[in-house]
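Working notes for the structure below.
The values are calculated or read from the model by the stated rules, or taken from the named source; none is laboratory data. The structure presented is a predicted model; accordingly, all values stated were derived computationally and were not measured. Glycine gets a Cβ as well: all are built from the backbone with ideal geometry, and neighbour counts include every protein chain shown. We work out accessible area using only protein heavy atoms, side chains counted, and drop any ligands, DNA or RNA first. Shrake-Rupley method; radii C 1.70, N 1.55, O 1.52, S 1.80 Å.
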Amino acid sequence: YLTFSSSDGVITDQEENYFFWLQKNLQIPHNLSHPLFERLKYLKYVSNIRQGFLPTVSASTHLDSDEICHLEIPATYHKVNLRSLKFIQGRFIVTNKKIHFLSQTGGWTILWKNVMRVQGENTGIYLELAIKSGNGFYSVQDPIITEAIINTIARISKRQLINTQTDNQTRHIPQDVKNAVWQRDQGKCAQCGATSYLEFDHIIPYSKGGGNTVNN
């Protein structure tokens with residue numbers, strides 16, 4: 001159940017509560033359930049990041065006054081040459097403004113507008129960039145959290161939709177309904193045609209009985 005719940009990258013409060021209900025009613029012993037609870041805690045943390053709740057950390061280097069650091073970790077860049085592969089040891093400093101890769105050889109800075117794709121892999125992440133410098137694979141200790149933070153900030157910086165939970169999960173719009181509405185409206189506001197700052201909303205408000213249907 002835990003694997004299934006986390007397969008879409010987000011664990012809702014409803015899924016989390018049902019996990020606790022299963023543990024209680026199946027009377028799973030603590031020594032068996034504890035590792036699963038720890039895994040649930042970790043996946044819930046990743047889920048919150050994907051929904052825009054980013055951690056804030058103190059950077060070990062000087063940043064601009066309007067920069068907020070969300071991640072600092074050791075990283076190794078795999079520089080692919082024509083006939084060789086060079087490993088460059090350094091560290092990632094990920095802020096709301098840019099990605100810094102710092103190393104003894106100098107490193108580089110990546111602006112969010114140049115981040116085209118972030119792919120998490122078993123031992124690291126692959127950054128596909130619109131520029132040559134810094135494009136490629138980086139080994140990191142926790143690829144899941146690293147990918148989640150970089151992907152989320154990239155989406156926010158490009159004003160793309162970040163799905164968030166509501167306080168009441170009965171208000172939660174199912175993913176298949178979101179997909180159908182997005183395709184129907186071609187990713188645009190149904191009223192003004194805008195393509196940024198978009199949100200899913202009910203025509204008939206939920207508080208007045210409106211349902212989570214495609215037509216509403």
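When each of LYS97, LYS86, LYS79, LYS44 is tested for being among the charged types (D, E, K, R) and under 15 Å from the mean Cα position of the chain (by Cα), the lone residue that passes is LYS44. When segment 57-95 is filtered for residues that are among the polar types (S, T, N, Q) and at pLDDT below 95, the ones remaining, listed by number, are SER58, SER60, THR61, SER65, ASN81, SER84. Among residues belonging to segment 96-114 that are part of a strand (DSSP E or B) and touching a residue at least 40 places away in the same chain (Cβ under 8 Å), point out the one that is least open to solvent (accessible area, probe 1.4 Å). It comes out as ILE99.
Candidates in segment 125-144 are the residues that are open to solvent by less than 20 Å² (accessible area, probe 1.4 Å), part of a strand (DSSP E or B) and in contact (Cβ under 8 Å) with a residue 40 or more places away in the chain; of these, the one that is farthest from ARG91 (Cα to Cα) is GLY136. If you go through segment 91-147 and pick out every residue that is closer than 20 Å to ARG50 by Cβ and not hydroxyl-bearing (Ser, Thr, Tyr), you end up with 24.
Note on segment 162-180: residues that are within 16 Å of the chain's Cα centre (by Cα) and either modelled with pLDDT of 75 or more or surrounded by fewer than 15 Cβ atoms within 10 Å (Cβ to Cβ) (or both) total 2. Screening ARG39 with (1) touching a Gly at 6+ places or on another chain (Cβ under 9 Å); (2) free of Cβ contacts under 8 Å to residues at least 40 places away in the same chain gives one miss only, at (1). The set of residues in segment 190-211 that are at pLDDT 80 or above, open to solvent by less than 50 Å² (accessible area, probe 1.4 Å) and under 21 Å from PRO174 (Cβ atoms) contains only HIS202.
Here GLU15 meets the list (1) assigned to a helix (DSSP H, G or I); (2) surrounded by fewer than 16 Cβ atoms within 10 Å (Cβ to Cβ); (3) of a type in the set (Asp, Glu) almost entirely, failing just condition (2).
When residues in segment 53-84 are screened for being assigned to a loop (DSSP other than H, G, I, E, B) and either among the hydroxyl-bearing types (Ser, Thr, Tyr) or more than 27 Å from GLY136 (Cβ to Cβ) (or both), 8 of them pass. The lone criterion from (1) over 16 Å from ASN151 (Cβ atoms); (2) in contact with an Asp or Glu (Cβ under 8 Å, 6 or more places away or on another chain) left unmet by LEU63 is number (2).
Just a yes or no: is a residue in segment 45-58 of a type outside the set (Phe, Trp, Tyr), touching a residue at least 24 places away in the same chain (Cβ under 8 Å), closer than 23 Å to ILE125 by Cβ and surrounded by fewer than 13 Cβ atoms within 10 Å (Cβ to Cβ)? The answer is yes, given that some residue of segment 45-58 is of a type outside the set (Phe, Trp, Tyr), touching a residue at least 24 places away in the same chain (Cβ under 8 Å), closer than 23 Å to ILE125 by Cβ and surrounded by fewer than 13 Cβ atoms within 10 Å (Cβ to Cβ). Of ARG155, ARG91, all but one fail to be charged (D, E, K, R), surrounded by 14 or more Cβ atoms within 10 Å (Cβ to Cβ) and not in a strand (DSSP E or B); the exception is ARG155.
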